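> First the structure, which I've put down as structure tokens, then a few questions once you've had a look.
The values are calculated or read from the model by the stated rules, or taken from the named source; none is laboratory data. Nothing here was measured: the structure is a model prediction, and the numbers come from that model. Note: ideal-geometry Cβ built from the backbone for every residue, glycine included; neighbour counts use all protein chains shown.
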Amino acid sequence: QVFGEAMACGLPIIGTQVGGIPEVVRHNQDGWLVPPENPQAVADALLAMADRRDEFDRIGAGAREHTVRSFSWPAVARSYLDLYQSLARPTAACA
């Protein structure tokens, strides 16, 4: 949830390539994904963020856009509606 909140505020994320993080954070689009248990990779990503403000801003804007498009209440409601409509459609076996 913290990643989603930060991304909604336009902040790029540095996350590890484990669990559900890669499902939320797209490398070089919303943030940076680094290997787990690799502090040097985290440090490198932090330094890259600090050195390249234009990239920080671009990736932060991408994070906000992705969050609003994919995880806002209207987007989630639309996903559920699509799911329920697909489940309610009669199939050839039922017709």
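> Can you work out which of the residues in region 42-55 that are touching a strand residue (DSSP E or B) at 6+ places or on another chain (Cβ under 9 Å) and exposed (fewer than 14 other Cβ atoms within 10 Å of the Cβ) is nearest to Ala6 (Cα to Cα)?
Leu46
> Also, quick follow-up: Can you name the number of the only condition in (1) loosely packed, with under 12 Cβ neighbours inside 10 Å; (2) on the phi > 0 side of the Ramachandran plot; (3) not aromatic (Phe, Trp, Tyr) that Gly10 fails?
(1)
> Something else about it: Kindly list the number of the only condition in (1) touching a residue at least 24 places away in the same chain (Cβ under 8 Å); (2) part of a helix (DSSP H, G or I) that fails for Gln29.
Evaluating Gln29 over (1) touching a residue at least 24 places away in the same chain (Cβ under 8 Å); (2) part of a helix (DSSP H, G or I) leaves (2) as the failure.
> Tell me which of these Pro90 doesn't satisfy, since it passes every other one: (1) loosely packed, with under 12 Cβ neighbours inside 10 Å; (2) touching a residue at least 60 places away in the same chain (Cβ under 8 Å).
(2)
Here's the yes/no breakdown for (1) at pLDDT 95 or above; (2) assigned to a loop (DSSP other than H, G, I, E, B); (3) among the charged types (D, E, K, R); (4) surrounded by 12 or more Cβ atoms within 10 Å (Cβ to Cβ):
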| residue | (1), (2), (3), (4) |
| --- | --- |
| Glu5 | no, no, yes, no |
| Gln40 | yes, no, no, no |
| His66 | no, no, no, yes |
| Val76 | no, no, no, no |
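> Now for a different question. Those residues that are assigned to a loop (DSSP other than H, G, I, E, B) and surrounded by 15 or more Cβ atoms within 10 Å (Cβ to Cβ), I need them from region 13-26; list them, please.
Val25, Arg26
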